[in-house]
Amino acid sequence: MTSHSLSLRNTQLQHSYPRQAGHTQFSQLTVGGPLTVAQWGMPCGTWSFLRAMRLLLRWLRPCLKQSRSKPSKRLGELWLYSKLLLRSLCYSELTNSDVVIDSLFEPVYWLVDNLTRWFGVLPSPLLQVFVCLVIILTSSVLIIVYCCVLPTVISSYPTHWVMWHLCYGHWNLVMIVFHYYKAITTSPGQPPQVKCDTPSVSMCKKCIIPKPARTHHCSICDSCVLKMDHHCPWLNNCVGHFNHRYFFSFCLFMTMGCVYCSLSSRDMFLNAYSAIETYYQTPPPPFTFKEKVFHKSIIYLWVLTSSVAIALGGLTLWHAILITRGETSIERHINNKETRRLKEIGKVFRNPHNFGKYNNWKVLFGVKTRGHWLTRVLLPSGHGPYGDGLTWDWSPQRRDLLAI
Ligand SMILES: [Zn+2]
Ligand SMILES: [Zn+2]
């Protein structure tokens with residue numbers, strides 16, 4: 001519940017319950033000020049529980065209604081819908097690869113939408129679970145690398161390989177930690193809350209403020225976000241104008257780190273796997289407890305880093321394609337719809353935020369000179385992005401020409 005509605009309820013309560021000596025809870029309220037949980041006199045846990053129950057009841061309502069209709073009728077409807085969907089994908093002249101990909105991803109979008117809606121009612125500490133999970137899993141990998149992989153590398157590899165492993169591994173680790181920390185602590189940016197001259201394209205019905213171009217409302221953060229890409233549960237933060245670079249760099253360096261760990265521990269994994277297979281022979285091989293822990297740790301490391309490398313690698317690639325096109329995840333859908341709509345009337349859609357492939361990357365990384373590719377992309381840097389996220393009627397190309 002927003003502070004605005006709480007304030008409203010506060011005022012209503014004061015009208016219906018005049019101040020009395022016995023009403024200590026209400027007598028502490030301030031006129032027009034937001035009402036906090038403590039002021040309600042309700043413990044935080046009870047408050048969260050009530051919110052969760054209210055959402056559960058809201059969800060159950062349509063389910064209860066649906067359960068009254070006959071299951072056979074619902075199955076028939078589902079079958080007809082599937083047939084129609086398949087035919088439209090195969091025979092419609094408006095179908096192209098984008099439509100097919102979007103349709104295939106539809107269940108994923110549905111899942112993400114519902115999950116994010118669910119996250120929206122969770123109290124803030126619970127949302128930190130995903131952040132804690134990232135930290136715990138990364139720490140566990142680090143412990144295994146330092147205790148098992150690195151000693152083996154140092155004892156068995158030539159000096160130049162050892163040096164390479166030490167330098168690359170630590171650089172990658174610093175980049176992961178820096179970008180993750182910045183991604184979770186940097187605000188994505190909000191539009192001005194007071195009237196100003198910033199050009200806007202629409203009004204946000206929830207915040208009741210003008211929305212500049214590329215700004216969207218996040219239902220989880222309950223605020224408008226500049227150049228919103230998506231709300232990331234792994235960061236417990238929205239990805240927007242001011243932290244988009246940190247998010248992408250984190251994904252990229254985390255993928256690189258996982259690929260590095262997976263490749264470095266591949267031989268050790270194969271040895272540990274064959275060793276574990278012999279555990280069940282009779283008589284069992286004379287492995288010590290320490291050796292068994294070593295084998296299992298290596299298996300855990302390789303499976304986890306390989307899986308994350310594939311999953312996160314796919315996500316990073318997807319975001320790299322979007323950045324090259326000068327789009328955010330939300331704009332991808334909007335632009336696709338607009339492309340189809342204009343195609344029907346014989347016009348071609350042009351993305352106004354696409355400054356060219358190379359320039360789009362410069363905009364994301366905030367690169368202004370060649371040296372910035374080293375100092376701002378390959379080394380930790382806390383510089384801000386191009387522009388203020390409010391206006392987009394400029395391009396990095398134009399800025400370069402003016403500089404000359
Ligand atoms: Zn809003
Ligand atoms: Zn958000």
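Out of LEU127, LEU111, LEU104, report the one residue that is within 24 Å of TRP318 (Cβ to Cβ), at pLDDT 70 or above, among the hydrophobic types (A, V, I, L, M, F, W, C) and within 17 Å of the chain's Cα centre (by Cα).
One residue alone meets the criteria, LEU111.
Please work out if CYS258 is within 16 Å of ligand 2 (Cβ to nearest atom) and more than 25 Å from LYS357 (Cα to Cα). Give the derivation first.
Numbers: within 16 Å of ligand 2 (Cβ to nearest atom): no; more than 25 Å from LYS357 (Cα to Cα): yes.
Spelling it out, it is not the case that CYS258 is within 16 Å of ligand 2 (Cβ to nearest atom) and more than 25 Å from LYS357 (Cα to Cα).
Does ALA213 meet the test of being in contact (Cβ under 8 Å) with a residue 24 or more places away in the chain, away from ligand 1 (no atom under 16 Å from the Cβ) and of a type in the set (A, V, I, L, M)?
Considered against the rule, which asks whether it is in contact (Cβ under 8 Å) with a residue 24 or more places away in the chain, away from ligand 1 (no atom under 16 Å from the Cβ) and of a type in the set (A, V, I, L, M), ALA213 comes out as no.
How many residues does region 169-195 contain that are within 16 Å of ligand 1 (Cβ to nearest atom) and exposed (fewer than 15 other Cβ atoms within 10 Å of the Cβ)?
4
Exactly one condition in (1) crowded, with 20+ Cβ neighbours inside 10 Å; (2) away from ligand 1 (no atom under 12 Å from the Cβ) is false for CYS238; which is it?
Unmet condition: (2).
In this structure, does PHE294 turn out to be within 22 Å of HIS241 (Cβ to Cβ) and surrounded by 17 or more Cβ atoms within 10 Å (Cβ to Cβ)?
Details: within 22 Å of HIS241 (Cβ to Cβ): no; surrounded by 17 or more Cβ atoms within 10 Å (Cβ to Cβ): yes.
It is false that PHE294 is within 22 Å of HIS241 (Cβ to Cβ) and surrounded by 17 or more Cβ atoms within 10 Å (Cβ to Cβ).
So which strands (runs of 3 or more DSSP E) stay within region 174-229 end to end and still have 3 or more residues that are within 19 Å of ARG376 (Cα to Cα) and more than 16 Å from ligand 2 (Cβ to nearest atom)?
Per the criteria, no element qualifies.
Mind listing just one residue for me: the one in region 216-235 that is farther than 29 Å from ILE136 by Cβ and in contact with a Ser or Thr (Cβ under 8 Å, 6 or more places away or on another chain) and, of those, farthest from ligand 1 (Cβ to nearest atom)?
LYS227
Give the residue, chosen from SER249, SER219, SER307, that is hydroxyl-bearing (Ser, Thr, Tyr), surrounded by fewer than 17 Cβ atoms within 10 Å (Cβ to Cβ) and under 15 Å from the mean Cα position of the chain (by Cα).
Only one candidate passes the filter, namely SER219.
Looking at region 245-289, which of its residues are closer than 26 Å to MET175 by Cα and among the small types (Gly, Ala, Ser)?
If the condition is that a residue be closer than 26 Å to MET175 by Cα and among the small types (Gly, Ala, Ser), then SER249, GLY257, SER262, SER264, SER265 are the ones that fit.
Residue check: is THR198 among the polar types (S, T, N, Q), more than 16 Å from ligand 1 (Cβ to nearest atom) and surrounded by fewer than 21 Cβ atoms within 10 Å (Cβ to Cβ)?
Judged against the criteria, THR198 is not a match.
How many of the residues in region 69-92 are surrounded by 10 or more Cβ atoms within 10 Å (Cβ to Cβ) and within 23 Å of LEU104 (Cβ to Cβ)?
The qualifying residues number 15.
I'm trying to understand the selection: among the residues of region 230-251, which are touching a Lys or Arg at 6+ places or on another chain (Cβ under 8 Å) and either within 13 Å of ligand 2 (Cβ to nearest atom) or farther than 20 Å from GLN128 by Cβ (or both)?
GLY240, HIS241, ASN243, HIS244
The values are calculated or read from the model by the stated rules, or taken from the named source; none is laboratory data. In this text the structure is predicted, and so the values were computed from the model without any measurement. Reconstructed Cβ throughout: ideal geometry from the backbone, glycine too, with neighbour counts over all protein chains shown.
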